[in-house]
Amino acid sequence: MPYTVPKLTNFSAAALDSAVRELLSALEQESAMVASENDWKIYRDRWMARKNGVLTQLNDLWLKAAPGPSKKEVGQRVNELKGKVEHTVEATLARIQSGASSGKLAAERLDITLPGIRRPLGAEHPVIKTMNEIVSVFRNLGYSVEEGPEIETDYYNFEALNFPPNHPARDTQDTLFIVGQESKVLRDRLLLRTHTSPVQIRTMEKMKPPVRVVCPGKVHRNDAPDATHSPIFHQVEGLAVDTDITFCDLKGTLDHAMKALFGSSVKTRFYPSFFPFTEPSADVQISCIFCGGKGTRDGGPCRNCKASGWIELLGCGMVDPNVYGFVDYDPAKVSGFAFGMGVERIAILKYGVDDIQLFFNGDVRFLEQFG
Ligand code: DAH
């Protein structure tokens with residue numbers, strides 16, 4: 001039954017209360033039924049039309065009918081109701097216009113027969129996953145984690161790592177420079193770091209030995225993308241400096257790390273190499289994880305290790321005494337080792353990925369396999 005304004009005969013406070021309650025409840029109920037602008041116009045007119053709207057009827061059926069002594073109180077109540085009706089009518093319009101109800105009742109908008117909303121679970125990116133795995137191998141050995149900026153100065157990226165200005169060793173890292181740096185002295189010029197080794201310097205500047213840190217992060221080179229190169233990739237750098245650290249410590253540490261990453265049957269081999277910031281320097285090779293180090297597979301030469309039985313994986317060496325000179329360490333008192341590994345390279349081997357670009361193309365079909 002739609003609400004109709006009752007003609008009041010009893011003007012006691014209790015009777016007025018009850019009449020007011022009934023009216024307000026009807027106002028709310030009818031508001032809830034309004035689902036479109038058309039509905040709303042009808043609703044508004046029903047309650048507020050000058051001619052015969054509910055408010056107008058209140059004047060006639062309540063106010064004018066009230067005996068003299070009750071007029072004041074009835075007048076106050078009618079006034080209050082007027083405010084409430086106007087407010088509710090306005091709020092109803094706002095609800096419709098907010099789009100919450102596109103011509104449908106709230107109750108009709110829920111279709112419980114529809115399948116639930118499935119939230120696709122995110123997966124860690126294989127590069128980040130591998131980087132975290134490498135870091136955790138070293139955390140378990142007591143290393144802590146340090147990070148440094150991706151935009152570096154020439155000083156940290158090259159000079160303090162014992163790459164003198166104009167030295168040909170700089171040509172081994174094809175660098176991306178920030179524009180407009182020419183007016184600065186060389187060591188202050190900004191570039192995208194080509195390796196995570198600058199974090200070694202930043203760490204030694206702020207920490208006294210003993211130091212044991214790994215430094216994961218993104219690095220940049222001016223390399224054209226192909227199946228094995230990417231202008232952006234990731235490295236994990238390692239540095240241990242203390243008294244009496246020897247090449248044996250370096251070998252034992254990296255042998256352990258490679259076994260932790262690739263399985264305990266993997267062997268390591270240290271091959272002479274050159275890096276300006278280590279002396280002596282070595283490349284670490286692991287026995288080929290595809291042919292078990294035999295060099296042959298399925299009756300032919302193993303393609304993954306070019307039949308050598310070994311795969312080259314990372315660079316390392318004993319920290320060059322010249323480097324200590326840049327960070328105020330005494331090379332007569334301390335010694336240490338450093339290493340640096342490419343995260344994508346390790347992920348490629350661990351997961352049998354044949355193209356580094358797959359890591360950066362963002363194809364969900366590739367990425368969700370690592371979930
Ligand atoms: N920074 C070297 C590179 O990007 C990798 C490297 C080699 C890091 C030997 C080291 C190291 O700390 O000792 O090619």
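The values are calculated or read from the model by the stated rules, or taken from the named source; none is laboratory data. Bear in mind the structure is a predicted one, so any value in this text is a computation, not a measurement. Cβ: placed from backbone, ideal geometry, glycine included. Neighbour counts: every protein chain shown.
I need the full set of residues from the range 251-277 which are out of contact with any helix residue (DSSP H, G or I) (no Cβ under 6 Å at 6 or more places or on another chain) and farther than 26 Å from Lys294 by Cα, in order please.
Phe274, Phe275, listed by residue number.
Just the residues that are more than 15 Å from Pro276 (Cβ to Cβ) and either surrounded by 20 or more Cβ atoms within 10 Å (Cβ to Cβ) or within 11 Å of the ligand (Cβ to nearest atom) (or both), please, taken from the range 314-328.
The one that is more than 15 Å from Pro276 (Cβ to Cβ) and either surrounded by 20 or more Cβ atoms within 10 Å (Cβ to Cβ) or within 11 Å of the ligand (Cβ to nearest atom) (or both): Leu314.
Filter the range 1-35 down to residues that are small (Gly, Ala, Ser) and closer than 24 Å to Leu93 by Cα, then give me how many there are.
Final tally of qualifying residues: 5.
Can you confirm whether Lys251 is without any contact (Cβ under 8 Å) to a residue 24 or more places away in the chain and either part of a strand (DSSP E or B) or touching a Ser or Thr at 6+ places or on another chain (Cβ under 8 Å) (or both)?
Yes.
For Phe339, state whether it is more than 16 Å from the ligand (Cβ to nearest atom), under 34 Å from the mean Cα position of the chain (by Cα) and on the phi < 0 side of the Ramachandran plot.
Working: more than 16 Å from the ligand (Cβ to nearest atom): no; under 34 Å from the mean Cα position of the chain (by Cα): yes; on the phi < 0 side of the Ramachandran plot: yes.
No, not satisfied.
Tell me, which helices (runs of 4 or more DSSP H) wholly within the range 1-72 include 1 or more residues that are exposed (fewer than 11 other Cβ atoms within 10 Å of the Cβ) and either touching a residue at least 60 places away in the same chain (Cβ under 8 Å) or touching a Phe, Trp or Tyr at 6+ places or on another chain (Cβ under 6 Å) (or both)?
The helices (runs of 4 or more DSSP H) meeting that bar are 13-33.
Can you tell me which residues in the range 134-157 are of a type in the set (S, T, N, Q), over 24 Å from the mean Cα position of the chain (by Cα) and within 23 Å of Leu313 (Cα to Cα)?
Our first condition is that a residue be of a type in the set (S, T, N, Q); within the range 134-157, this holds for 136, 140, 144, 153, 157.
Next, from what is left, pick out any that are over 24 Å from the mean Cα position of the chain (by Cα): 140, 153, 157.
Asn140, Asn157, listed by residue number.
Go through (1) within 16 Å of the ligand (Cβ to nearest atom); (2) closer than 26 Å to Arg221 by Cα for Thr253 and report which single condition fails.
(2)
Would you confirm whether or not the range 83-98 contains a residue that is assigned to a loop (DSSP other than H, G, I, E, B), outside the structural domain of Ala65 (by TED's automatic domain parsing) and away from the ligand (no atom under 16 Å from the Cβ)? Reasoning before the result, please.
Within the range 83-98, the first condition is being assigned to a loop (DSSP other than H, G, I, E, B), and the residues that meet it are 98.
If we keep only those that are outside the structural domain of Ala65 (by TED's automatic domain parsing) as well, we get none.
No - not one qualifying residue is present in the range 83-98.
Of the residues Thr175, Thr203, Thr194, only one is within 15 Å of the ligand (Cβ to nearest atom) and in contact with a Cys (Cβ under 8 Å, 6 or more places away or on another chain); which?
Testing whether each residue is within 15 Å of the ligand (Cβ to nearest atom) and in contact with a Cys (Cβ under 8 Å, 6 or more places away or on another chain) leaves just Thr203.
Testing Leu176 on (1) touching a residue at least 40 places away in the same chain (Cβ under 8 Å); (2) closer than 17 Å to Pro216 by Cβ, one condition comes back false. Which one is that?
Leu176 satisfies all of (1) touching a residue at least 40 places away in the same chain (Cβ under 8 Å); (2) closer than 17 Å to Pro216 by Cβ except (2).
Quick one: would you say Lys208 is within 14 Å of the ligand (Cβ to nearest atom), out of contact with any Pro (no Cβ under 9 Å at 6 or more places or on another chain) and of a type in the set (Lys, Arg)? Show your work before the answer.
Working: within 14 Å of the ligand (Cβ to nearest atom): no; out of contact with any Pro (no Cβ under 9 Å at 6 or more places or on another chain): yes; of a type in the set (Lys, Arg): yes.
Criteria not met by Lys208.
Determine whether Gln357 is part of a strand (DSSP E or B) and either more than 16 Å from the ligand (Cβ to nearest atom) or within 38 Å of the chain's Cα centre (by Cα) (or both).
It is false that Gln357 is part of a strand (DSSP E or B) and either more than 16 Å from the ligand (Cβ to nearest atom) or within 38 Å of the chain's Cα centre (by Cα) (or both).
Starting from the range 219-236, keep only residues that are of a type in the set (A, V, I, L, M), then list their pairs with residues that are assigned to a loop (DSSP other than H, G, I, E, B) and more than 11 Å from the ligand (Cβ to nearest atom) whose Cβ atoms are within a distance under 9 Å, requiring at least 6 positions of separation or different chains.
Val219/Glu150; Ala224/Pro231; Ala227/Asp354; Ala227/Asp355; Ile232/Phe360
Filter the range 256-284 down to residues that are more than 9 Å from the ligand (Cβ to nearest atom) and part of a loop (DSSP other than H, G, I, E, B) and give me whichever is surrounded by the most Cβ atoms within 10 Å (Cβ to Cβ).
Once the filter is applied, the top-ranked residue is Pro276.
Go through the range 285-301 and give me each residue that's in contact with a Lys or Arg (Cβ under 9 Å, 6 or more places away or on another chain), among the small types (Gly, Ala, Ser) and either part of a strand (DSSP E or B) or not assigned by TED's automatic domain parsing to the domain that holds Leu254 (or both).
Ser287
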